[in-house]
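Since every read-out is calculated from the coordinates, none of them should be taken as a lab result. Note that this is a predicted model, so its numbers are computed, not measured. Quick reminder, even Gly has a Cβ in these numbers, built from the backbone with ideal geometry, and neighbours come from all protein chains shown.
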Amino acid sequence: MTTTLLGAVASATAAVPRLYQLGKVPASPTYPYGVYSAVLGGGGYYTLDSETKQRYGVVTLQAFGKTTDSATDLLEDALGALLDKQLTFDDYKPTTPLRAALDQPSINRDPNDTGVIATTMPLTFLANKETA
């Protein structure tokens, strides 16, 4: 069975209501709702043959609500499903659990969207490339 990094995040957060993968939010979502994205970034080191053996990963969580409490509560639910957990996905083996990249989530109010509150929290991890 193939599991992508995004699929691993989806599995880990399946119990969190109204949390969607980036680009898959319904046209008119019910508030509060959340969005996640996940990507492997640059290499931690390269071997002498210029192959990346370790990658930095980031999972970004965003929650949107009509009140600060509703947005931050949903963000906390998503964090509870991911923080200090190790994701399992193809081709890489995480070597660290997901860790909060910020001490506090970013909280913003969108003045152009009837005052919707947005919270954002990135989580980071390291993963080693698995050898065949």
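A few remarks follow.
- Residues in segment 17-63 that are closer than 15 Å to V116 by Cβ, of a type outside the set (F, W, Y) and surrounded by 11 or more Cβ atoms within 10 Å (Cβ to Cβ): R18, V25, P29, P32, G34, V35, Q62, A63.
- Filter result (basic (K, R) and either out of contact with any Phe, Trp or Tyr (no Cβ under 9 Å at 6 or more places or on another chain) or in contact (Cβ under 8 Å) with a residue 60 or more places away in the chain (or both)) within segment 1-32: K24
- The lone criterion from (1) charged (D, E, K, R); (2) in contact with a helix residue (DSSP H, G or I) (Cβ under 7 Å, 6 or more places away or on another chain); (3) farther than 14 Å from Y36 by Cβ left unmet by K85 is number (3).
- Qualifying residue in segment 46-68 (condition: without any contact (Cβ under 8 Å) to a residue 24 or more places away in the chain and within 24 Å of K24 (Cβ to Cβ)): no
- Yes/no for L82 being closer than 19 Å to G7 by Cα, in contact with a Leu (Cβ under 6 Å, 6 or more places away or on another chain) and surrounded by 13 or more Cβ atoms within 10 Å (Cβ to Cβ): yes
- Number of positions in segment 1-14 that are surrounded by 11 or more Cβ atoms within 10 Å (Cβ to Cβ) and part of a loop (DSSP other than H, G, I, E, B): 3
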